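**Student:** Got a structure here, written out as structure tokens. Questions coming.
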Amino acid sequence: MNVLSFQQQVREYAHSIGIDKIGFASATPFIDLKARLIQQQQLNYQSGFEEEDVTLRTEPTLLLEDAKSIIAIALAYPSKMLNAPQGKKGARRGIFCRASWGVDYHTVLREKLALLEEFIHTHHPHARTKSMVDTGELSDRAVAERAGIGWSGKNTNIITPEFGSYVYLGEIITDITFIADEPIEDECLDCRLCIDVCPTGAIVQAGQLNAKRCIAFLTQTKDTLPDEFRTHLGNRIYGCDTCQTVCPKNKRKHNLIHKEFFPDPEIAKPLLEPLLTMSNKQFKQDFGHVSGSWRGKKPLQRNAIYALAHFKEESAIPTLTEVLQKDTRPVIRGAAAYAIGKIDAPASKAILEQALQKEQDKEVLEEIEKGLSFITK
């Protein structure tokens, strides 16, 4: 069987198992990417979640000996939630970003890639393959760009003509030589909406992101958030979609294709207050299947508290007081103190003054003082 014929079979099989886009690229080093990644490290713009070794991220042959090609795949995910519940006074809701709606995409894409590898090995028993999704060494976006899945937008997301930037990415490195697809021409042109509307100015310039200022990153951290970012969270409890929702290339891209990615509205837009006192068992039961749960409940609870402060939700004061008095985690107690002050309810001052007498953690004491500084009543 010649390469072109087999490559077409791989494409057809990929589409038959629900892979929306597939492309082929060479496994030569990503030289330009390497220079950019080194600059990111020098500027301290990297998130810390990615592979630290730039060489591993840019030289596929270090990951699979004698690698010749990389097969890139993309699965589209929804941008629209049907029957979305509306938050209201006394029942405020948070929001997970669209990439965390439905079943964890790592699980779904790994299953697709495993099937694709099995298909390859059926026809080429001695072929070597290595697949990865998101947490692998390679840059999924760089691979997808080279393989013609889409172009890299100014917000650093891969944008596809068919599905916009609402796509999950994965790849397979192999020692089979496939014919490389042509990259897609950049269609962002002079548009800079994503840069202009980024809440924290994380998009430094076209194609350059300071991940440490990106809300998508900040919502996943576990420590107390710096003051300058708290008000920018709004009601986001995991991730941020702003640079995607404003993108003209995403207009009318709803992508209601894969049912496993359809959101459960009560999970994707959960009530905030119940999150604060949720047990580990309940959290795992309700949220364990979504990608946004990977860091555990602590970051989500902290973000939920900041969201209640954002809404100035007075009805949450009793629960926030309970958290301030009883939670064993200083970050969560501190967030509660901040929120109680920000909400500025009639009881806020007395609650914080009482906590000030009992609290011993230095960081929490600072947050209590900060909360008191907000109070006008």
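Rule-based calculations on the coordinates, nothing more; no lab input. Note that the structure is predicted; figures quoted are calculated from it, not measured. Cβ: placed from backbone, ideal geometry, glycine included. Neighbour counts: every protein chain shown.
**Student:** Just checking, how many residues over the stretch 91-144 are crowded, with 21+ Cβ neighbours inside 10 Å, acidic (Asp, Glu) and under 13 Å from Val290 (Cβ atoms)?
**Tutor:** Total satisfying the criteria: 0.
**Student:** Restricting the search to the stretch 1-25, which residues are surrounded by 14 or more Cβ atoms within 10 Å (Cβ to Cβ) and either under 18 Å from Trp151 (Cβ atoms) or among the acidic types (Asp, Glu) (or both)?
**Tutor:** Asp20, Lys21, Ile22, Gly23, Phe24, Ala25
**Student:** Can you tell me which residues in the stretch 58-79 are surrounded by 14 or more Cβ atoms within 10 Å (Cβ to Cβ), not β-branched (Val, Ile, Thr) and not in a strand (DSSP E or B)?
**Tutor:** Matches in the stretch 58-79: Glu59, Pro60, Leu62, Leu63, Leu64, Ala67, Lys68, Tyr77, Pro78, Ser79.
**Student:** Now for a different question. If a residue has to be in contact (Cβ under 8 Å) with a residue 24 or more places away in the chain, under 34 Å from the mean Cα position of the chain (by Cα) and either part of a helix (DSSP H, G or I) or on the phi > 0 side of the Ramachandran plot (or both) to count, how many in the stretch 349-375 make the cut?
**Tutor:** Counting residues in the stretch 349-375 that are in contact (Cβ under 8 Å) with a residue 24 or more places away in the chain, under 34 Å from the mean Cα position of the chain (by Cα) and either part of a helix (DSSP H, G or I) or on the phi > 0 side of the Ramachandran plot (or both) gives 10.
**Student:** Now for a separate question. Which of the helices (runs of 4 or more DSSP H) found entirely inside the stretch 271-339 contain at least 1 residues meeting this: surrounded by fewer than 24 Cβ atoms within 10 Å (Cβ to Cβ) and free of Cβ contacts under 8 Å to residues at least 12 places away in the same chain?
**Tutor:** Hits in the stretch 271-339: 272-276, 280-287, 317-326.
Residue-wise test of (1) farther than 30 Å from Leu308 by Cβ; (2) out of contact with any Lys or Arg (no Cβ under 7 Å at 6 or more places or on another chain); (3) not polar (S, T, N, Q).
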site	(1), (2), (3)
Phe6	yes, yes, yes
His15	yes, yes, yes
Phe30	yes, yes, yes
Glu51	yes, no, yes
Thr58	yes, no, no
Leu63	yes, no, yes
Asp66	yes, yes, yes
Gln86	no, yes, no
Arg92	no, yes, yes
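**Student:** Would you please name the residue that is nearest to Leu62 (Cα to Cα), looking only at residues in the stretch 116-155 that are among the acidic types (Asp, Glu) and touching a Leu at 6+ places or on another chain (Cβ under 6 Å)?
**Tutor:** Glu137
**Student:** Within the stretch 148-193, which residues are closer than 20 Å to Lys130 by Cβ, of a type in the set (S, T, N, Q) and buried (at least 22 other Cβ atoms within 10 Å of the Cβ)?
**Tutor:** Correct list: Thr174 only.
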